[in-house]
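Trainee: First the structure, which I've put down as structure tokens, then a few questions once you've had a look.
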Amino acid sequence: MTRSKHLFAVILGISLGLTVSLVSCRKTATDNLPAADSSSFYSEDFHADNDIAMTIRSITDALRVGEPLDTLDYNFEGVLTDGEGHPLYTDIQGTPGTWDVDVISTTSAVVRNVYLGDLLPDDLESYLAGSLNLTPENIIETAEYDDDEETQLVVYDIDGVYLRIETRAAVAPNGLEGPLMSIIATTTPPTIP
């Protein structure tokens, strides 16, 4: 073997060795991310600034001072959060749960979760009551209906604005059960039987 062939073989061997080493040790920025179907990716890393309590407070404050609700100001579909920016629930795909804020009329609006998931209605109601400074004295109606949807209802009076929190059990096509909540703010008094 001639000196140039030997030198070529050594350089080629070193090059192949380095290439194999670099390729096997290569890390990308996505190596540390969880799989796309991992709910921890969404629930731990997700942050949003649309707090449900502040949304409800804004609507009830407007209604208390007689300001007509406008769809341009309040209509929204997206993730609502707790006071720390965490989604209120994750849906059955493990993504942050979506809410719909809908102005029904100039004196009524409804906030509802769009999909089933791991929403905790009692915790959410407690969070809203605490954030809105509601006490048991504000409750003017409670009811539990013995129906297929196991409907629970609580109505609060906030200085002439009525906050109706309704929770129903629902079942997704895949058999997963979860709550659907509707939170209605209105100036129309409820009809109490």
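The values are calculated or read from the model by the stated rules, or taken from the named source; none is laboratory data. Every value quoted in this text rests on a predicted model; they were computed, and no experiment measured them. Here the Cβ positions follow ideal geometry from the backbone for every residue, glycine too, while neighbour counts run over all protein chains shown. The accessibility values were calculated without ligands, DNA or RNA, using every heavy atom of the protein model including side chains. Shrake-Rupley method; radii C 1.70, N 1.55, O 1.52, S 1.80 Å.
Trainee: Within the range 71-84, can one find any residue that is of a type in the set (Ser, Thr, Tyr) and within 9 Å of the chain's Cα centre (by Cα)?
Mentor: yes
Trainee: Among (1) closer than 23 Å to THR191 by Cα; (2) open to solvent by less than 70 Å² (accessible area, probe 1.4 Å), where does ASP70 come up short?
Mentor: (1)
Trainee: Give the residues of the range 151-172 that are over 21 Å from ASP100 (Cα atoms), out of contact with any Pro (no Cβ under 9 Å at 6 or more places or on another chain) and assigned to a loop (DSSP other than H, G, I, E, B), sorted by residue number.
Mentor: ASP159, the sole residue that qualifies.
Trainee: Would the range 173-188 turn up any residue that is touching a strand residue (DSSP E or B) at 6+ places or on another chain (Cβ under 7 Å), open to solvent by 50 Å² or more (accessible area, probe 1.4 Å), assigned to a strand (DSSP E or B) and free of Cβ contacts under 8 Å to residues at least 60 places away in the same chain?
Mentor: No, there is no match, as no residue in the range 173-188 is touching a strand residue (DSSP E or B) at 6+ places or on another chain (Cβ under 7 Å), open to solvent by 50 Å² or more (accessible area, probe 1.4 Å), assigned to a strand (DSSP E or B) and free of Cβ contacts under 8 Å to residues at least 60 places away in the same chain.
Trainee: Now for a different question. With the requirement that a residue be open to solvent by 60 Å² or more (accessible area, probe 1.4 Å), farther than 18 Å from ILE183 by Cα and among the charged types (D, E, K, R), what does the range 73-101 give you?
Mentor: GLU84
Trainee: Give the residue that is nearest to THR186 (Cα to Cα), with candidates limited to residues of the range 120-152 that are under 18 Å from the mean Cα position of the chain (by Cα) and open to solvent by less than 20 Å² (accessible area, probe 1.4 Å).
Mentor: Looking at residues that are under 18 Å from the mean Cα position of the chain (by Cα) and open to solvent by less than 20 Å² (accessible area, probe 1.4 Å), I get LEU128.
Trainee: A further question follows. Go through (1) in contact (Cβ under 8 Å) with a residue 40 or more places away in the chain; (2) open to solvent by 30 Å² or more (accessible area, probe 1.4 Å) one by one and return the number of the condition GLY117 breaks.
Mentor: (2)
Trainee: Right, another one. When ILE104 is evaluated against the numbered criteria (1) part of a loop (DSSP other than H, G, I, E, B); (2) open to solvent by 40 Å² or more (accessible area, probe 1.4 Å); (3) modelled with pLDDT of 95 or more, which criterion, by number, is the only one it fails?
Mentor: (1)
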